[in-house]
Amino acid sequence: MAASVLGCEHYMRSCLLRAPCCSKLYVCRLCHDAKENHQMDRFKVKEVKCSICNRDQKAQQTCEGCRIKFGEYYCDICHLFDKDKKQYHCEQCGICRIGPKEMYFHCVKCNLCLASDLRGNHKCVENVSRQNCPVCMEDIHTSRIGAQVLPCGHLLHKTCFKEMSKTGAYRCPLCMHSAWDMTTCWEELDKEISQTPMPTEYQNSTVKVCPLRRKRRAEALA
């Protein structure tokens, strides 16, 4: 029998998960974590309850009672039930990813699944997704929000990158390298400078920069 359209704001599914930590029923781990003062371990889920016939049973894709499918997609490792989004389970990442699988590859050094067009075309940073997003400080590796890969190799949530761009920020928050190709911008600035000649009274003028203040500051901090 086809899956019934139920679920929560996070997933479409026809069952409730029994949390292995507190035995309470929730549609998903995210709903659980938002209400409780602890987190649900998705890998330890053993039981579910059918949202159609209310039958308690082991975690599986099809209800033992009414034969409804709890989800078009089901992973028996992550215990993820959802509508079909071309998901696949990545053994190296240890979790499910949204595919299609053939459009992604797992970079061993970055320890993350990346779009195929980045194969051999990105800067590797070891275990980069295990760092939190430097904008919101939330997890990237298990986040349902996609990651933006910067030229420097660091990651941001796509939503955080979009909001950061709106502010005019163009540098990686971690290493301060440009977050995208700035060539056109620099060319425009050079053009503007070349079209703005130095006033006659300031031409050939020089200024001596005294390092004394910096030296005093360094001594004060020592």
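The values are calculated or read from the model by the stated rules, or taken from the named source; none is laboratory data. Note that this is a predicted model, so its numbers are computed, not measured. So basically every Cβ, Gly included, is an ideal-geometry build from the backbone, and we count neighbours across all protein chains shown. Heavy atoms of the whole protein, side chains included, go into the accessibility calculation; ligands, DNA and RNA do not. Shrake-Rupley method; radii C 1.70, N 1.55, O 1.52, S 1.80 Å.
Descriptive notes on the structure:
- If you go through the range 7-27 and keep only what is buried (at least 17 other Cβ atoms within 10 Å of the Cβ) and either part of a loop (DSSP other than H, G, I, E, B) or among the small types (Gly, Ala, Ser) (or both), you end up with Gly7, Tyr11, Arg13, Ser14, Ala19, Val27.
- Summed over the range 136-173, residues that are touching a Leu at 6+ places or on another chain (Cβ under 9 Å) and over 22 Å from Ile98 (Cβ atoms) total 4.
- Given (1) aliphatic (A, V, I, L, M); (2) closer than 25 Å to Asn127 by Cβ; (3) at pLDDT 95 or above, number of the condition Ile98 does not satisfy: (3)
- Scanning the range 34-48 for residues that are open to solvent by 50 Å² or more (accessible area, probe 1.4 Å), of a type outside the set (Asp, Glu) and assigned to a loop (DSSP other than H, G, I, E, B) yields Asn37, His38, Gln39, Lys46.
- Criterion (among the small types (Gly, Ala, Ser), under 21 Å from Leu6 (Cα atoms) and open to solvent by less than 60 Å² (accessible area, probe 1.4 Å)) met by exactly one of Ser51, Ser116: Ser51
- Just one of the listed residues (Tyr74, Tyr88) is under 26 Å from the mean Cα position of the chain (by Cα) and either modelled with pLDDT under 95 or open to solvent by less than 30 Å² (accessible area, probe 1.4 Å) (or both), and it is Tyr88.
- Of the residues making up the range 149-174, those that are open to solvent by less than 50 Å² (accessible area, probe 1.4 Å), part of a helix (DSSP H, G or I) and either among the basic types (Lys, Arg) or farther than 17 Å from Met137 by Cβ (or both) number 1.
- Pair list, Cβ < 9 Å and 6+ apart or interchain, from the range 120-138 residues that are open to solvent by 100 Å² or more (accessible area, probe 1.4 Å) to residues that are of a type in the set (Lys, Arg): Glu126/Lys109
- Residue within the range 99-106 that is closer than 19 Å to Asp139 by Cβ, out of contact with any strand residue (DSSP E or B) (no Cβ under 8 Å at 6 or more places or on another chain) and not β-branched (Val, Ile, Thr) present: no
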